1. Please list, ordered by first then second residue, the pairs with beta carbon atoms under 6 Å, 6 or more apart or interchain, first in segment 200-221 and in contact (Cβ under 8 Å) with a residue 60 or more places away in the chain, second crowded, with 20+ Cβ neighbours inside 10 Å and not hydrophobic (A, V, I, L, M, F, W, C).
2. If you check every pair at least six apart or on different chains, which have Cβ atoms under 7 Å apart with a residue in segment 14-30 that is touching a residue at least 12 places away in the same chain (Cβ under 8 Å) first and a residue that is of a type in the set (S, T, N, Q) and part of a loop (DSSP other than H, G, I, E, B) second?
3. Looking at (1) within 30 Å of I24 (Cα to Cα); (2) touching a Phe, Trp or Tyr at 6+ places or on another chain (Cβ under 6 Å); (3) not polar (S, T, N, Q), can you tell me which one M150 breaks?
4. State all residues of segment 8-58 that are over 16 Å from V101 (Cα atoms) and within 15 Å of the chain's Cα centre (by Cα); if no residue qualifies, say none.
5. Inspect all residues belonging to segment 63-85 and state whether any of them is of a type outside the set (D, E, K, R), crowded, with 22+ Cβ neighbours inside 10 Å and free of Cβ contacts under 8 Å to residues at least 40 places away in the same chain.
6. If we keep just the residues of segment 160-187 that are without any contact (Cβ under 8 Å) to a residue 40 or more places away in the chain and assigned to a helix (DSSP H, G or I), which is surrounded by the fewest Cβ atoms within 10 Å (Cβ to Cβ)?
7. Look through segment 1-42, keep the residues that are in a loop (DSSP other than H, G, I, E, B) and hydroxyl-bearing (S, T, Y), and return whichever of them is surrounded by the most Cβ atoms within 10 Å (Cβ to Cβ).
8. From the list E190, E154, E230, E225, which residue is without any contact (Cβ under 8 Å) to a residue 60 or more places away in the chain, surrounded by 12 or more Cβ atoms within 10 Å (Cβ to Cβ) and acidic (D, E)?
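Every number here is computed from the coordinates shown, using simple stated rules; none is lab data. Because the structure is a prediction, the values reported are computed rather than measured. For neighbour counting, all protein chains shown are included, and Cβ atoms are generated from backbone atoms with ideal geometry for every residue, glycine included.
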Amino acid sequence: MYHWNPEEYSRHSSEQAKWALELIAKLNLRGTERVLDIGCGDGKVTAELASSLPQGSVLGIDSSPEMIAFAKDTFMDKFVNLAFQCVDVRQMSFAREFDMVFSNATLHWVADHASVLTRIRQSLRPSGKMLLQMAGKGNASDVVEVVNGMIRQEQWRAYFHDFSFPYTFFSDDEYKKLIKAAGLTVKRIELFPKTMLHKGQEGFSGWIRTTWHPYLQRLPADLQERFVEELVATYESRYPPDEEGFFRVGMVRLEVEAVR
């Protein structure tokens, strides 16, 4: 379990939110559906779903108590068709409750996707739809190369002696097998590149600080900011910002659509 700072995440997650809006458009909502948002985070994407469901409703779940508290405080008094629960997706036990299950930029944090997909299937009503987007194979490879080089250096090595890569970045073929094994029918599965933009060192370091917890939270609190600064400086030396001052990070997304 990682500690999340929802206020800071909300300030530095505009790219994730932008991609989520693109994904919501692919749901083709009628406005009457019951939707589950897995990994709702600070709640802003779940609120967007609620605004598209005038006769429906949405439940956002997240394993972070801090995120759920922030989401409730920010959005619960604005929508009557919106709710949040602190639930670990690996332990959710919904039964035929949802017309759609949605998730954006979350499930690469989870190791056991076979179990998660089975639970998603159980949560869907007959003919219900699942639409997921997560990091895929090769995601943020340049950043991963920089940070993995850093943790082998003498000043950081002691904090990572038993460290293993914390994310699950699947290929489309690997994920197709998992979906079929869970008893879902694949409608579409794609692995494609996207570019994430961060404005200047502040924007780039904010993204590192708020999402690269598996590395930062191995360190004492007084060393975390030094680690971020070194990571950003190393990345900048290899991949300088563009003419407008944006750091460009090559990402890979795995997008999956399936039905029960």
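1. Taking only residues 6 or more apart or on different chains, the pairs are G206/H12; W207/H12; W207/H198; T210/Y9; T210/H12.
2. I24/S52; L29/S52
3. Only one criterion in (1) within 30 Å of I24 (Cα to Cα); (2) touching a Phe, Trp or Tyr at 6+ places or on another chain (Cβ under 6 Å); (3) not polar (S, T, N, Q) is unmet by M150, namely (1).
4. Matches in segment 8-58: Y9, S10, H12, S13, S14, E15, Q16, A17, K18, W19, D42, K44.
5. yes
6. Among them, the one singled out is D173.
7. Selected residue: S13.
8. E225
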